[in-house]
């Protein structure tokens, strides 16, 4: 049986993952308005991944014969100053997600909830990859940002991202 606090944390994580999807979609909209369709595509793929992550938590709760309790989502940010700011905020967001996943994992360990621990292993590995990918893009954007042609070349490369999951 799933403990009350792990159950509640998993439901909160569903909301956070859905919110993350909206944040990345808002970032995609920003890039579209900046005529950077490659960056917009990258963010749309990221948004879709976050939606899938939310559904993994959703399905896991149901598989444990527990109740899914969907929560209200906060408004995502809509104004950004630059591509660098967008990716800095994306990295901060991924770091926060890592902390939330680790917190749930610690609860599951303390409550001897082995199924949740096993399920979270996937997310722990995923977060290492997410932070690495966003961090690499951020560093590349920092190098390119003050040179429009570099940003345009990077935009073309970013547009080739495919859904990986």
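Read-outs throughout are calculated quantities, based only on the coordinates presented, and are distinct from any laboratory measurement. Bear in mind that the values here come from a model prediction, so they are computed numbers and not experimental data. Neighbour counts are summed over all protein chains in view; Cβ atoms, including those assigned to glycine, are modelled from backbone coordinates with ideal geometry.
Among 149, 42, 122, the ranking by other beta carbons within 10 Å of each residue's beta carbon, starting with the fewest, stands as 149, 122, 42. Length gained on full extension, residue 147 to residue 78, computed as 0.36 nm times the residue gap minus the Cα-Cα distance: 22.4 nm. In plain terms, the residue of 158, 55, 119, 43 with the fewest other Cβ atoms within 10 Å comes first and the most crowded comes last, giving 55, 119, 158, 43.
Of the residues 59, 32, the one with the fewest other Cβ atoms within 10 Å heads the list, and the complete ranking is 59, 32. Per-residue extension of 0.36 nm, minus the Cα-Cα distance of residue 124 and residue 1, leaves a gain of 42.1 nm for this segment. Taking a ≥ b ≥ c as the square roots of the eigenvalues of the alpha carbon gyration tensor, region 70-165 is prolate, as a/c is not under 1.5 and a/b beats b/c. As a calculated quantity, the FRET efficiency between residue 110 and residue 67 at R0 = 30 Å, using C-beta atoms, amounts to about 0.85. Expressed per residue, the C-alpha convex hull volume of region 1-70 stands at 56 Å³.
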